[in-house]
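Peer 1: Quick one: this structure, given as structure tokens, is what I'll be asking you about.
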Amino acid sequence: MRDRPGSGTSALRLGVVGRASLALLVLVAGCGVDDTSTTSTSIETTTTVSELADPTEWLHLTLRYSPRHSLGKRRLDVVTTNEGPTEIMVTSIALRTDHFEELPPEIKTSQIQAGSTVAVKTDFGQIADCSSPGPFAASVVIELVVGASGPVQQVEIPVDAAPLDVIRTSDCNSLLLAEAADVSFGEDWTVDGTSVNTELVVSRVQSIETLTVASVRGMILFGMDTLTPTAGVVAVLGPDDDVVRIPVRLTLARCDVHAVSQAPDGYSFRVWVAVGESEPILTTVVAYDQLQAQLESLVLECLDAQPAG
């Protein structure tokens, strides 16, 4: 199971200067580069720094989160558009929200030309509190320099919190499941061609509610199927049951170079478990140690068998 998030509440709030246009852009990335840096020709102008309106009038921010490219990281993009007539440099950035624990500002040297959009990355903390119903607001605190020699300014700009709501829901679901059950692979397996037959072990932790394994699935390199036909659900762990063992088959699905290079989660598998009357919650089960070595061996054998060139 994944590590349990911590708890806490964020408190720091800086004064909001001016106003901001809000927009939401949530990207679920496929293969390719996650960062977006769109540049355009700088606007020709004679406007001096001192004549510029407040930064919140022409600096527009949206949040973008890519679960795949942020695998193992709590990091997102603050998509920053400079609609002013002068280049700026972002010197620090911090996310402020009650969704997650507060982190200190990150030092930056992000240059954004006039009329350009740049994705400025920032980390976000662990889940703060799953008991609060929300809704939660969010803002980004930015320190920036306007022009080549302007003073350092600090502004706080509200942003649409919808992407953070999605992350928080996922975090709280993961915490609920982690407190209820442990899901892992058994210690024994057999090899059958390009497949490995083993067990998925679901063990009760704290919850006394019924645990329902609703679905199992592989990811990019390997599929996962149950060996025993199921009707509707894969398995049920009743209130008086401590563990259920589910025979499964892990089958090599792809071994082309592109798939292998783009699969940091190649030895992870997906399992959906409902706690009581909840909707099924997704958890990721990782093949460790000797089982992972066995799966890696199947991939390498498949790669070696491919024709050269």
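The values are calculated or read from the model by the stated rules, or taken from the named source; none is laboratory data. These numbers were taken from a predicted model, which means no experiment stands behind them. Here Cβ is always computed from backbone atoms with ideal geometry, including for glycine, and neighbour counts include all displayed protein chains.
Peer 1: Answer yes or no as to whether V244 is in the same structural domain as N197 (by TED's automatic domain parsing), over 28 Å from the mean Cα position of the chain (by Cα) and not in a loop (DSSP other than H, G, I, E, B).
Peer 2: Working: in the same structural domain as N197 (by TED's automatic domain parsing): yes; over 28 Å from the mean Cα position of the chain (by Cα): yes; not in a loop (DSSP other than H, G, I, E, B): yes.
The answer is yes for V244.
Peer 1: Same structure again: Whether any residue in segment 130-143 is within 18 Å of the chain's Cα centre (by Cα), of a type in the set (G, A, S) and farther than 26 Å from G84 by Cα is what I want to check.
Peer 2: Residues of segment 130-143 that are within 18 Å of the chain's Cα centre (by Cα), as a first pass: 130, 138.
So of that shortlist, the ones also of a type in the set (G, A, S) come out as 138.
Imposing the further condition that a residue be farther than 26 Å from G84 by Cα reduces the set to none.
Scanning segment 130-143, I find no residue that is within 18 Å of the chain's Cα centre (by Cα), of a type in the set (G, A, S) and farther than 26 Å from G84 by Cα, so the answer is no.
Peer 1: Hey, another quick one. Between residues in segment 79-107 that are in the same structural domain as S132 (by TED's automatic domain parsing) and in a loop (DSSP other than H, G, I, E, B) and residues that are among the basic types (K, R) and crowded, with 18+ Cβ neighbours inside 10 Å, which pairs lie under 6 Å by C-beta distance while being six or more apart or on different chains?
Peer 2: H99/R168
Peer 1: Out of (1) surrounded by 13 or more Cβ atoms within 10 Å (Cβ to Cβ); (2) modelled with pLDDT under 60; (3) of a type outside the set (G, A, S), the odd one out for C31 is which?
Peer 2: If we test C31 against (1) surrounded by 13 or more Cβ atoms within 10 Å (Cβ to Cβ); (2) modelled with pLDDT under 60; (3) of a type outside the set (G, A, S), just (1) comes out false.
Peer 1: Exactly one condition in (1) surrounded by fewer than 18 Cβ atoms within 10 Å (Cβ to Cβ); (2) more than 29 Å from L252 (Cβ to Cβ) is false for T194; which is it?
Peer 2: Of the numbered conditions (1) surrounded by fewer than 18 Cβ atoms within 10 Å (Cβ to Cβ); (2) more than 29 Å from L252 (Cβ to Cβ), the odd one out for T194 is (2).
Peer 1: Moving on to the next point. Take the residues in segment 210-228 that are among the polar types (S, T, N, Q) and in contact (Cβ under 8 Å) with a residue 24 or more places away in the chain; name whichever of them is surrounded by the most Cβ atoms within 10 Å (Cβ to Cβ). I'd like the intermediate steps shown before the answer.
Peer 2: Of segment 210-228, the ones among the polar types (S, T, N, Q) are 210, 212, 215, 226, 228.
From what's left, in contact (Cβ under 8 Å) with a residue 24 or more places away in the chain: 210, 212, 215.
On the way: T210: 15, T212: 21, S215: 15.
The qualifying residue surrounded by the most Cβ atoms within 10 Å (Cβ to Cβ) is T212.
Peer 1: Same structure, new question: Return only the number of the condition from (1) assigned to a strand (DSSP E or B); (2) hydrophobic (A, V, I, L, M, F, W, C); (3) surrounded by fewer than 18 Cβ atoms within 10 Å (Cβ to Cβ) that L144 does not satisfy.
Peer 2: Looking at each condition in turn, L144 falls short on (3).
Peer 1: Also, I was wondering about something else. Given the options S215, S203, S207, S195, name the one that is hydroxyl-bearing (S, T, Y), under 25 Å from the mean Cα position of the chain (by Cα), over 30 Å from P55 (Cα atoms) and outside the structural domain of L61 (by TED's automatic domain parsing).
Peer 2: Details: S203 fails: under 25 Å from the mean Cα position of the chain (by Cα); S207 fails: under 25 Å from the mean Cα position of the chain (by Cα); S195 fails: under 25 Å from the mean Cα position of the chain (by Cα).
After ruling out the rest, the residue left standing is S215.
Peer 1: Given V166, V196, V155, V191, which one is of a type in the set (A, V, I, L, M), assigned to a strand (DSSP E or B), farther than 30 Å from D304 by Cβ and touching a residue at least 40 places away in the same chain (Cβ under 8 Å)?
Peer 2: V155
Peer 1: Then there is this: Working only within segment 218-237, note down all residues that are more than 19 Å from I281 (Cβ to Cβ) and not hydrophobic (A, V, I, L, M, F, W, C). Walk me through it before giving the result.
Peer 2: Going through segment 218-237, the residues more than 19 Å from I281 (Cβ to Cβ) turn out to be 220-223, 225, 227-229, 231.
Listed by number, the residues that qualify are G223, D225, T228, P229.
Peer 1: Would you mind finding the one in A178, A231, A162 that is buried (at least 19 other Cβ atoms within 10 Å of the Cβ), under 29 Å from S278 (Cβ atoms) and either at pLDDT below 95 or of a type in the set (A, V, I, L, M) (or both)?
Peer 2: A178
Peer 1: What residue, among those in segment 247-288 that are part of a loop (DSSP other than H, G, I, E, B) and among the aliphatic types (A, V, I, L, M), is farthest from R217 (Cα to Cα)? Break it down stepwise before answering.
Peer 2: Quick first cut of segment 247-288, residues part of a loop (DSSP other than H, G, I, E, B) only: 253-256, 262-267, 276-280, 287-288.
So of that shortlist, the ones also among the aliphatic types (A, V, I, L, M) come out as 253, 263, 287.
Details: A253: 12, A263: 15, A287: 13 Å.
Going through the qualifying residues, I end up with A263.
Peer 1: Taking segment 108-124 as the region of interest, how many residues are outside any strand (DSSP E or B) and without any contact (Cβ under 8 Å) to a residue 60 or more places away in the chain? Even if it seems obvious, please write down each step before you answer.
Peer 2: Within segment 108-124, the subset outside any strand (DSSP E or B) is 113-116, 124.
Of the ones still in play, those that are also without any contact (Cβ under 8 Å) to a residue 60 or more places away in the chain are 124.
The number of residues fulfilling the criteria is 1.
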